[in-house]
Amino acid sequence: MNKNKDVAGEEPSGALMADVARLAGVAISTVSRALANPGRVNEKTRAKINAAARQLGYTPNAMARGLRVGKSNIIMIILPGSLYYGASQIIPQVLQSINKSLIQGGYNLMIANLDRDEISERHILDLAFGGSVRGAIILSSKLPEVDGRSLANSGLPIVSMLLDMSDAGLQSVITNDREAVRDVTAELIRLGHRQFFYLAGPEGNYHDVERYGGVLEALEAAGLSEGSVRRSGGHLDYQHGFDIGVQAADDFAKLTEKPTAVIATSDDMAISFVSRIQRTGLSIPGDVSVVSFDGSPVCEFCSPPLSTIKQPVEEMGRAAVDLLLGAIDQRETTAAVRTVIHSELILRESIGPTKN
């Protein structure tokens, strides 16, 4: 027997599958089954096998297993967390677009997680290293890493969507967050606004960094200082957009000098903010202009209809699938590592000129 290969025909570095089986006290077939189809092995046995694999530094070659069991036609999608995002339909719209494109390409979509806790991270990695899936699309979040295993080392083709991970060498499909917010801020400045209120996502989050950066670039271009914008939020994830908007309304009410324009980094934030502010007697856009980000259909039916930056989720979904299937088929491609698809500003009645 070739000592560089285990009995299953794989080529991991270092330890063999047989070594893992011996240390865990189980049959080699059980190890193979636990890695390829974790759900078919009970949790206690699977834990013993995972512990043995970690101790020995065993990393199965998912691509080699694919050749043995037949190439999978399943693409897994890794969500940033819960599917619930309030009024925003970005995640469901992305899933719909990706699923449609995959079916057309002869592949099936599998949602790998509904949370990003440690159990979910392990499950995602088990699927990746076990050869159950052919590739992965990860939405607006970092790659799973647990106990020294990382999705980046699974051998799978991976595309990041909504988060630029091109610096890490991953194909990334994103929108022009910074440019889009810069342009709408410039439009508000053109309408006479000089004091702004910014509803922030979680501090350090890629989207918040890019969108707030767009505000600052527009202010600088107009000769205005960063002191022209007040920030609210920065502690909660985008899933909690309604809560962020409610808190922002309270923060806004406490300001002695009220800004005349509000830039919210999600539709949910803007919707709850507008609802609370209107209860205090302020009018939109008479007293305060409001614009948001995402492009949820419900924005058209708000009172007043809400101006929003609409993300091109369908186009981004198609682009992500094209890049992934190209990598799977090892097709020659001249596509840039970072693919940017522009968002669209939809102007509605929530924006107007200042009173002065």
Members of the stretch 22-43 that are at pLDDT below 80 and among the polar types (S, T, N, Q)
Ser29, Ser32, Asn37
From the list Ser154, Ser150, pick out the single residue that is in contact (Cβ under 8 Å) with a residue 40 or more places away in the chain, small (Gly, Ala, Ser) and within 30 Å of Arg54 (Cα to Cα).
Ser154
Pick from the stretch 275-312 the residues that are touching a Gly at 6+ places or on another chain (Cβ under 8 Å) and among the β-branched types (Val, Ile, Thr): which of them is nearest to Ser343 (Cα to Cα)?
Ile309
Are there any pairs, at least 6 apart or on different chains, whose C-beta atoms fall under 8 Å, with the first in the stretch 115-138 and farther than 17 Å from Leu102 by Cβ and the second of a type in the set (Val, Ile, Thr), and if so, which?
Glu118/Val146; Glu121/Val146; Arg122/Val146; Ile124/Ile78; Leu125/Val146; Phe129/Thr59; Gly131/Val69
Tell me which residues, restricted to the stretch 187-204, are under 27 Å from the mean Cα position of the chain (by Cα) and without any contact (Cβ under 8 Å) to a residue 12 or more places away in the chain.
Gly204
Flagged in the stretch 220-239 as of a type outside the set (Ser, Thr, Tyr) and over 18 Å from Lys258 (Cβ atoms), in numbering order, are Glu220, Ala221, Ala222, Gly223, Glu226, Gly234, His235, Leu236, Asp237, Gln239
Name the one entry in Arg331, Arg348 that is in contact with a Leu (Cβ under 9 Å, 6 or more places away or on another chain), at pLDDT below 95, over 18 Å from Gln89 (Cα atoms) and of a type in the set (D, E, K, R).
Arg331
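The values are calculated or read from the model by the stated rules, or taken from the named source; none is laboratory data. Note that the structure is predicted; figures quoted are calculated from it, not measured. Reconstructed Cβ throughout: ideal geometry from the backbone, glycine too, with neighbour counts over all protein chains shown.
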